[in-house]
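Data block below; observations after.
The values are calculated or read from the model by the stated rules, or taken from the named source; none is laboratory data. Everything numeric in this text was worked out from a predicted model, so none of it was measured. Cβ atoms come from the backbone with ideal geometry, glycine included; neighbour counts cover every protein chain shown.
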Amino acid sequence: MANAILVLGATGGIGGEVATAFLRRSWTVKALTRRPEAVAERFGRIPGLSWVKGDAMNAADVANAADGAAVIFHGAHPARYAHWDDWGLTMLENSIAAAKASGARLILPGNVYNYGPDAGAFVGETAPQNPLTVKGRIRVAMERRLQEAARDGVRSLVVRAADFIGANAPSSWFGTAMVKSGRALGAITYPGKRDVGHGFAYLPDLAEAIARLAEIDDKLAPAETVHFGGHWFERGSDFTDAVGRAAGIADLKVKRFPWFAIFLARPVWPLARGLWEMHYLWREPLRLDNRKLVSLIGPEPHTPAEAMLRTTLEGLGCLPLETKAPVIKQIAAA
């Protein structure tokens, strides 16, 4: 099946968008899930998509589902990063084994957690990876494992992107810390400095880029890494102003993120420790250099900022009903 992909994590944000992008390009999509009947009932019948019963923690399930696939998209992950050092790496090992057996290319969505301040403000694929966070160290270990697997003939692709944003990303920084899903937008809480730039990856654009890369497999290195530029806002205030325009709210109130309270809560709240570790990513600019991606697929998929933000706010239930415009149903829609 030359145009078949196995998606792990298809009911999640990035996995659902990737499934949608490949379906749009006439690929056959198989999606691994522990409860195929319930998931199929939730999403309805979608031509070209089949739900396959299995668990990403079970090597045999992943290998069986990957049989005949040209691509495996590894979008599965434990619900909490506390288990990434064991469950997350186990899931990745299962995908590596399945890719080796099937001959598929394994695609992993990466992020900026790999980088510390020494990476610089404009980061290319060869920048040093010296993360300051537990999450970052786990991410570096995962990518190092893919490099090692290349020696055994496993082809891989890491597509690195900035903070996820989109209607199907309710657990993102935007959907949890900045706005509240299901609650009308009255103000935005911004974690960064108003005069420091920050990047966001709109999931439909990122998924489309991944699909285009998969279709030029012969141009990719055995263990390839590509950076997705996404939306870069030169100032934090540029981003919050754009959110206000997208929502049709003049002078949208901007609240400060409670970093001091997060700092104080670190000894007793594991989530606070994890958030505080990422503090530096909101205080210093870190922009991904996408020139390699553009050289491979041409112009990066790029939805205009206000359209991206409005669709995101609509999907998260943050706009009054009367302001909503029709939104195309996505695989990962709630």
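What are the residues in the stretch 164-202 that are under 15 Å from A21 (Cβ atoms) and touching a Phe, Trp or Tyr at 6+ places or on another chain (Cβ under 6 Å), if any?
Answer for the stretch 164-202, where residues must be under 15 Å from A21 (Cβ atoms) and touching a Phe, Trp or Tyr at 6+ places or on another chain (Cβ under 6 Å): G166, A201.
From the list P299, P270, pick out the single residue that is touching a residue at least 12 places away in the same chain (Cβ under 8 Å) and at negative phi. Before you say what the answer is, go through the steps one by one.
Details: P299 fails: touching a residue at least 12 places away in the same chain (Cβ under 8 Å).
Sole residue among the options that is touching a residue at least 12 places away in the same chain (Cβ under 8 Å) and at negative phi: P270.
Would you kindly identify the helices (runs of 4 or more DSSP H) lying entirely within the stretch 1-111 that contain at least 1 residues that are surrounded by 22 or more Cβ atoms within 10 Å (Cβ to Cβ) and either polar (S, T, N, Q) or in contact with a Leu (Cβ under 6 Å, 6 or more places away or on another chain) (or both)?
On the way: elements: 13-24, 36-43, 59-66, 89-102.
Answer list for the stretch 1-111: 13-24, 59-66, 89-102.
Looking at (1) in contact with a Phe, Trp or Tyr (Cβ under 9 Å, 6 or more places away or on another chain); (2) surrounded by fewer than 19 Cβ atoms within 10 Å (Cβ to Cβ), find the lone condition where F239 falls short.
(2)
Hey, any hits in the stretch 151-161 for a residue that's farther than 14 Å from L288 by Cα and out of contact with any helix residue (DSSP H, G or I) (no Cβ under 9 Å at 6 or more places or on another chain)? Spell out how you get there, then give the answer.
Taking the stretch 151-161 as the starting set, the residues that turn out to be farther than 14 Å from L288 by Cα are 151-157.
Of the ones still in play, those that are also out of contact with any helix residue (DSSP H, G or I) (no Cβ under 9 Å at 6 or more places or on another chain) are 151.
Yes.
Which condition does T126 not pass, out of (1) modelled with pLDDT of 95 or more; (2) outside any loop (DSSP other than H, G, I, E, B), if it passes all the others?
For T126, the failing item is (2).
Please determine, by comparing only the residues of the stretch 276-287 that are of a type in the set (D, E, K, R) and not in a loop (DSSP other than H, G, I, E, B), which one is surrounded by the fewest Cβ atoms within 10 Å (Cβ to Cβ).
Pass one, the stretch 276-287, residues of a type in the set (D, E, K, R): 277, 283-284, 287.
Now restrict to residues that are not in a loop (DSSP other than H, G, I, E, B): 277, 283, 287.
On the way: E277: 17, R283: 12, R287: 20.
That would be R283.
Between a first residue in the stretch 68-96 that is in the same structural domain as I14 (by TED's automatic domain parsing) and a second residue that is at pLDDT below 95 and basic (K, R), which pairs have beta carbons less than 8 Å apart while being 6 or more apart in sequence or on different chains?
Y81/K135; W84/K135
Looking at V159, is it over 30 Å from D218 (Cα atoms) and either within 19 Å of the chain's Cα centre (by Cα) or not aliphatic (A, V, I, L, M) (or both)? Break it down into steps so the answer makes sense when it comes.
Values: over 30 Å from D218 (Cα atoms): no; either within 19 Å of the chain's Cα centre (by Cα) or not aliphatic (A, V, I, L, M) (or both): yes.
No: the conditions fail for V159.
Restricting to the stretch 250-291, name every residue that is closer than 21 Å to N130 by Cβ and touching a strand residue (DSSP E or B) at 6+ places or on another chain (Cβ under 9 Å). Break it down stepwise before answering.
Step one: of the stretch 250-291, the residues closer than 21 Å to N130 by Cβ are 273-289.
Selection gives L281, W282, P285, L286, R287, L288, D289.
Which ones in the stretch 176-209 are assigned to a helix (DSSP H, G or I) and aliphatic (A, V, I, L, M)?
Narrowing the stretch 176-209 to residues assigned to a helix (DSSP H, G or I): 176-178, 203-209.
Scanning the stretch 176-209 gives A177, M178, L203, L206, A207, A209.
Considering (1) more than 20 Å from N168 (Cα to Cα); (2) at pLDDT below 95, say which one G54 fails and leave the rest.
Every listed condition holds for G54 apart from (2).
In the stretch 1-13, what residues are of a type in the set (A, V, I, L, M), at pLDDT below 95 and under 19 Å from H77 (Cα atoms)?
A10
For G192, state whether it is surrounded by 22 or more Cβ atoms within 10 Å (Cβ to Cβ), at positive phi and in contact with a strand residue (DSSP E or B) (Cβ under 7 Å, 6 or more places away or on another chain).
Details: surrounded by 22 or more Cβ atoms within 10 Å (Cβ to Cβ): yes; at positive phi: no; in contact with a strand residue (DSSP E or B) (Cβ under 7 Å, 6 or more places away or on another chain): yes.
Judged against the criteria, G192 is not a match.
What residue, among those in the stretch 303-334 that are touching a strand residue (DSSP E or B) at 6+ places or on another chain (Cβ under 8 Å) and outside any helix (DSSP H, G or I), is modelled with the highest pLDDT?
T303
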